[in-house]
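Worksheet for the structure shown next.
The values are calculated or read from the model by the stated rules, or taken from the named source; none is laboratory data. Keep in mind it's a predicted model, so treat the numbers as computed, not measured. Neighbour counts are summed over all protein chains in view; Cβ atoms, including those assigned to glycine, are modelled from backbone coordinates with ideal geometry. Calculation scope for accessible area: heavy atoms of the full protein, side chains included, ligands and nucleic acids excluded. Shrake-Rupley method; radii C 1.70, N 1.55, O 1.52, S 1.80 Å.
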Amino acid sequence: MGKEKVRGVLFFGRQGRAKVHADGLDEPISLARGASGTALHGDTVELRVLPPKKKKFDRRKGRGKPAKVRHEVGKIVKRETHEFLGYLKRDSGRNLVQAENSRLFIPFKILGDARKGQTGDKVVAQFVRWDPPARIPTCKILRVLGPGDDPITDHKGILAKYGLNSNFPPKVMKEAEACPGKVEAKETNGRKDYRKVFTLTIDPLDARDFDDALSLLKTKEGDWEVGVHIADVSHYTPLGSSLDREASKRGNSTYLVGEVVPMLPHRLSSGICSLVENEDRLVKSVLFRFKEDGTPIGAELAECVIRSDKRLTYEQAILFLRGKSLEQIKREKPPPSRYSGNPGKSLSELPDETLKEINLAIQRLWSIASKLRLARMKAGSLDLESPDVKILVNAKGEPDRILQMENDESHQLIEEFMLLANQTVAKKLRQRKIPGIFRVHPEPDPENLDELRNFLAIFGISCGELTSRKEVNKMLRTINKHPLAQVLRIKFLRSMKQACYRKTPDGHYGLAMRDYLHFTSPIRRYADLTVHRAIERELAGQKPNRKSEQNLEGLAKHLSVTERNSVDAERESVKDKLLLYYKKDLGKQPAVTHRAIITEIARKGFFIELPDTLARGFVPIRTLPRELGYRVASNGASIVGRNPKNRLKLGQEVKVIIDKVFISDKQLDFRLA
């Protein structure tokens, strides 16, 4: 490196050791303690070379060996920390803020007052400055969120951290209030009337807005028509209105545990746009035709009006698909009202004739959907399904129940028709040269696939050439049977590129589709709303809006960013609730034991995953019985005791007890039961 200036990003480990990831260097540069100056975690810094340490001459060691080059931060090029979450604390008679991020380990002095915050309160703070010779940085308190150990405060913290807001500006609310509460007769003019065609919705237990519905009709020709009906949000949100501009800014709804931060006000999202049971609703539809044997024979785009006959949960739909008797179905408890929006009539209240109609419709829809799924997989679509959980909370924001979600036939039924609708609309837009926003999943880099193949070999999984889709699907089937299936799936997904939005139809690798976009969720995704407007102009015989077309690339990039932001917020929300869920077990007698799988061996212990909740945690070596002398094996794949029979290895199932909960690091520590 010589005397060239080295620039890079500063990272602090949890123990306070600093490293700089410099441009053009494979390995990070380690800094000695105190060599980071006034730089904070994430700052872009410029390093300067320090003179070598003077050492006493030792003829037994390293004669003529060059001294190790040492660096220190010479200049802070760009600060990364602007606003951050932290906790008020009292030290030596003064108020300080300790950042929630443990990598910002130095306390911050408060400039101005603490805004009536109390010790232990969680706050939103703004970094002010840190210049020599000051020993600690200064910050300003922007907002006090509440007591640090309150679940509601944690929720507010996520909203603040990710720039999310459940409230809407007055102009937006004024326009929302002006929207009708019911569909007016004049609004149905020029639309296909499907109100007398049997229609239902199938959604999650806790869904509050219903974007999509399916109708089923036997045609005069003896074919089956399946209508995929999607809420006509564009009808109520004119381009350029305050509602539209706010929806575009938000990009999408964010589904935190216990609360949705909606893209649109509830007056629309769970009101006039939501396809609730037994209410007229305006929709944009793809009307598919299938032969009796399920072969697709045509599709038509249309604007319709529908009336949903029944709102079902996935849990209810699967009862029909698995051939339960009407009496068994009637005995099933309805979804608790505190979890669900507009649950509709309980199944026990419905006459047998209606239940039979629901049963026949679901059976027929699945017979078609199952063939669509088979054809999609045969065409090379990747089966990326993995276990999932849903956390239900009480009024205080505390975890109430954790449900395991199974990707059963009820989910697959809806998924196949939604995928087909998205693909069909994308194809029509491309063929007719209609500008729109497409969903793109780029092909993975061959280098990443080679790295993945080498990684899988460690676990005894041999793969062919992963640039072949057939080999990728074969590898995924092998992974799904492995004890470490979830860990290996995550590694596979990380070797893929992220899906994103573009104005060009560049294909979807994961689905093996040339044409794909998002059309089916305009209540919660602005990309879908943009597509709906394009369809609206096409059906009305209007030319595309060239002015909005020019902005599509910038809009696509913006929507990719807002989507990523929401995904990160949603993951953190789940982590927070899992921390609370296990925190309540601390100190319980007798101790609560949990089933866990060892997923990774580290220098100081091993990582685990709890299959029942998908929570991840760490078991430190120091918590293992000292007399057994556990240590990490030389190959790094297990932890062994003095007696080789005492071995903890990757994929092994163990019983664990919660030991510590680190709220700030969002980490769970366990010990063996």
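Points worth noting:
- Residue 650 meets all of the listed conditions (1) touching a helix residue (DSSP H, G or I) at 6+ places or on another chain (Cβ under 8 Å); (2) open to solvent by 40 Å² or more (accessible area, probe 1.4 Å) but one, namely (1).
- Residue check for residue 320: free of Cβ contacts under 8 Å to residues at least 60 places away in the same chain and surrounded by 17 or more Cβ atoms within 10 Å (Cβ to Cβ): yes
- Members of the stretch 458-476 found to be assigned to a helix (DSSP H, G or I) and either modelled with pLDDT of 90 or more or open to solvent by less than 30 Å² (accessible area, probe 1.4 Å) (or both), listed by number: 471, 472, 473, 474, 475, 476
- Some residue of the stretch 582-589 being out of contact with any helix residue (DSSP H, G or I) (no Cβ under 6 Å at 6 or more places or on another chain), crowded, with 18+ Cβ neighbours inside 10 Å and in contact (Cβ under 8 Å) with a residue 60 or more places away in the chain: yes
- Taking the stretch 240-257 as the range and being open to solvent by 10 Å² or more (accessible area, probe 1.4 Å), outside any strand (DSSP E or B), at pLDDT 95 or above and in contact with a helix residue (DSSP H, G or I) (Cβ under 7 Å, 6 or more places away or on another chain) as the test, the residues that pass are 241, 242, 246, 248, 250.
- Entry remark, the stretch 191-203: residues being assigned to a loop (DSSP other than H, G, I, E, B), more than 14 Å from residue 226 (Cβ to Cβ) and open to solvent by less than 40 Å² (accessible area, probe 1.4 Å) number 1 in total.
- Residue satisfying condition, being on the phi < 0 side of the Ramachandran plot, of a type in the set (Asp, Glu), buried (at least 21 other Cβ atoms within 10 Å of the Cβ) and assigned to a loop (DSSP other than H, G, I, E, B), within set 206, 154: 206
- Looking only at the stretch 301-333, and only at residues there that are part of a strand (DSSP E or B) and among the β-branched types (Val, Ile, Thr), the one that is farthest from residue 352 (Cα to Cα): 305
- Candidates 380, 397, 344 - the one that is under 21 Å from the mean Cα position of the chain (by Cα), surrounded by 15 or more Cβ atoms within 10 Å (Cβ to Cβ), at pLDDT below 95 and assigned to a loop (DSSP other than H, G, I, E, B): 397
- Exclusive hit being of a type in the set (Val, Ile, Thr), in contact (Cβ under 8 Å) with a residue 24 or more places away in the chain and out of contact with any strand residue (DSSP E or B) (no Cβ under 8 Å at 6 or more places or on another chain), set 530, 593, 562: 530
- Against the list (1) among the small types (Gly, Ala, Ser); (2) part of a helix (DSSP H, G or I); (3) in contact with a Gly (Cβ under 8 Å, 6 or more places away or on another chain), the condition residue 596 fails is (2).
- Each residue in the stretch 125-143 was checked for being surrounded by 19 or more Cβ atoms within 10 Å (Cβ to Cβ) and of a type in the set (A, V, I, L, M), and 2 pass.
- Selection of the stretch 102-124 for residues being among the aromatic types (Phe, Trp, Tyr) and either surrounded by fewer than 21 Cβ atoms within 10 Å (Cβ to Cβ) or over 11 Å from residue 139 (Cα atoms) (or both) yields only 105.
- Residue under evaluation residue 260, criteria (1) closer than 30 Å to residue 163 by Cα; (2) at pLDDT 95 or above; (3) part of a strand (DSSP E or B), criterion not met: (2)
- Residues considered: 261, 276, 286, 305. Of these, the only one that is open to solvent by less than 10 Å² (accessible area, probe 1.4 Å) and farther than 30 Å from residue 558 by Cα is 305.
- For the stretch 171-190, filtered to residues that are farther than 17 Å from residue 272 by Cα and in contact with an Asp or Glu (Cβ under 9 Å, 6 or more places away or on another chain), the residue that is surrounded by the most Cβ atoms within 10 Å (Cβ to Cβ) is 171.
- For the stretch 616-635, filtered to residues that are of a type in the set (Val, Ile, Thr) and in a strand (DSSP E or B), the residue that is surrounded by the most Cβ atoms within 10 Å (Cβ to Cβ) is 619.
- Boolean, residue 291 is out of contact with any Lys or Arg (no Cβ under 7 Å at 6 or more places or on another chain), farther than 30 Å from residue 189 by Cβ and modelled with pLDDT of 95 or more: yes
- Odd one out for residue 392, checked against (1) open to solvent by less than 10 Å² (accessible area, probe 1.4 Å); (2) in contact with a helix residue (DSSP H, G or I) (Cβ under 9 Å, 6 or more places away or on another chain): (2)
- Residue in the stretch 634-641 that is touching a Ser or Thr at 6+ places or on another chain (Cβ under 6 Å) and in contact (Cβ under 8 Å) with a residue 12 or more places away in the chain present: no
- Residue that is nearest to residue 500 (Cα to Cα), among those in the stretch 400-417 that are part of a helix (DSSP H, G or I) and open to solvent by 20 Å² or more (accessible area, probe 1.4 Å): 415
- All positions within the stretch 636-673 that are over 31 Å from the mean Cα position of the chain (by Cα), in a loop (DSSP other than H, G, I, E, B) and over 15 Å from residue 604 (Cα atoms): 642, 643, 644, 645, 646, 673
- Residue that is farthest from the chain's Cα centre (by Cα), among those in the stretch 400-429 that are among the basic types (Lys, Arg) and at pLDDT 95 or above: 428
- Residue in the stretch 565-578 that is open to solvent by 20 Å² or more (accessible area, probe 1.4 Å), farther than 30 Å from residue 648 by Cβ and either in a loop (DSSP other than H, G, I, E, B) or out of contact with any Phe, Trp or Tyr (no Cβ under 9 Å at 6 or more places or on another chain) (or both) present: yes
- Yes/no for residue 269 being part of a helix (DSSP H, G or I), surrounded by 20 or more Cβ atoms within 10 Å (Cβ to Cβ) and within 24 Å of the chain's Cα centre (by Cα): yes
- The residue pairs whose first member lies in the stretch 70-86 and is more than 20 Å from residue 156 (Cβ to Cβ), whose second member is open to solvent by 40 Å² or more (accessible area, probe 1.4 Å) and among the small types (Gly, Ala, Ser), and whose beta carbons are closer than 7 Å, counting only pairs six or more residues apart or on different chains, are 70/32; 72/37; 73/37.
- Within the set 469, 502, the sole residue that is out of contact with any strand residue (DSSP E or B) (no Cβ under 7 Å at 6 or more places or on another chain) and touching a residue at least 60 places away in the same chain (Cβ under 8 Å) turns out to be 469.
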